[in-house]
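K.L.:
Shown below is the structure under consideration.
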Amino acid sequence: MAKIRWAKMVDDTKTFFTDPVELYKNLEQEGGYLESLVYFIIMVFIVYLFFILSSTFFHTPLFAISIGIFILFIPLTLISFFVSTVILHIIWGALGSNENFDTSMRCNASFAPLLPACVLFSFIPFLGRWVGIVAYLFVLYFYVIFASVYVHKIEEEKAKKSFLTVFIILAVLRITGLAKSEIMVRRQKKQSQDMIRQMEENYQKQMEEYERQLKEQQRMYEKYQGESEEI
């Protein structure tokens, strides 16, 4: 059974940010899928950790709920990782790569540190999520080119032109999806505000009606008392 080399993961992550060209020139092209999968899951967990800590959920029951969601989300995350690896492998193969699927998975896993790095942009007020998506895709494009050139031995210009089209499509889809999500959230927020305002107005009307009836009853009581005294 393949061993997980934790120290190498740490070193590769450092090299990923400091000297990516050197990382992809010396990237191991075989050795099984285990390390790639574990490395990717670790990076996804760091992303979840950022959100948990930033949301001040650490000392509340929501922290446990968030961890539970993360555990349940692992299978979906792995499926997404596998599908993206298949797509990359097909594109690299179409561009002339002769590397196997293991190599493509290692390349895809090597991009994972961009997830926690770019998610930090989402904490910027107002435009954070938009900046995060653009920054992630922009930086990822260059790392995919590094992997294409130095691992899959594809001509640089060929790789740039091919993946530029892919990333433009991805950017349009992601930004469109985020825009629709923002519109839906704002619409739901407005509906909630309208509902609360309507409830407050109804409550105010009910209180006014109650006060009117109370005054009417008080007036009738005073009238009755006056008639009783006359008798």
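K.L.:
Output the residues belonging to the stretch 90-112 that are under 22 Å from the mean Cα position of the chain (by Cα), assigned to a helix (DSSP H, G or I) and within 16 Å of Thr15 (Cα to Cα). Spell out how you get there, then give the answer.
P.N.:
Taking the stretch 90-112 first, the residues under 22 Å from the mean Cα position of the chain (by Cα) are 105, 107-112.
Subset that is assigned to a helix (DSSP H, G or I): 105, 107-110.
Scanning the stretch 90-112 gives Cys107, Asn108, Ala109, Ser110.
K.L.:
Among Leu164, Leu140, Leu178, Leu115, which is the only one that is assigned to a helix (DSSP H, G or I) and in contact (Cβ under 8 Å) with a residue 60 or more places away in the chain?
P.N.:
Step by step, each of Leu164, Leu140, Leu178, Leu115 is checked, and only Leu115 is assigned to a helix (DSSP H, G or I) and in contact (Cβ under 8 Å) with a residue 60 or more places away in the chain.
K.L.:
Also, I was wondering about something else. Out of Ile87, Ile74, I need the residue that is loosely packed, with under 15 Cβ neighbours inside 10 Å, part of a helix (DSSP H, G or I) and either among the hydroxyl-bearing types (Ser, Thr, Tyr) or without any contact (Cβ under 8 Å) to a residue 12 or more places away in the chain (or both). Which one?
P.N.:
Ile87
K.L.:
Restricting attention to the stretch 138-152, report how many residues are surrounded by fewer than 18 Cβ atoms within 10 Å (Cβ to Cβ) and in contact with a Ser or Thr (Cβ under 7 Å, 6 or more places away or on another chain).
P.N.:
Summing the residues that are surrounded by fewer than 18 Cβ atoms within 10 Å (Cβ to Cβ) and in contact with a Ser or Thr (Cβ under 7 Å, 6 or more places away or on another chain) in the stretch 138-152 gives 0.
K.L.:
Okay, next question. Of the conditions (1) within 14 Å of the chain's Cα centre (by Cα); (2) over 30 Å from Thr15 (Cβ atoms), Phe121 satisfies every one except a single condition; which number is it?
P.N.:
Result: Phe121 passes all but (2).
K.L.:
Determine, yes or no, whether Val131 is touching a Ser or Thr at 6+ places or on another chain (Cβ under 9 Å) and either assigned by TED's automatic domain parsing to the domain that holds Glu28 or hydrophobic (A, V, I, L, M, F, W, C) (or both).
P.N.:
Criteria met by Val131.
K.L.:
Something else now. Filter the stretch 16-52 down to residues that are buried (at least 16 other Cβ atoms within 10 Å of the Cβ) and over 23 Å from the mean Cα position of the chain (by Cα), then give me how many there are.
P.N.:
The total comes to 5.
The values are calculated or read from the model by the stated rules, or taken from the named source; none is laboratory data. Since the structure is predicted, the reported quantities are computational estimates derived from the model, not experimental observations. Counting neighbours? That spans all protein chains shown, and the Cβs are built from the backbone with ideal geometry, glycine included.
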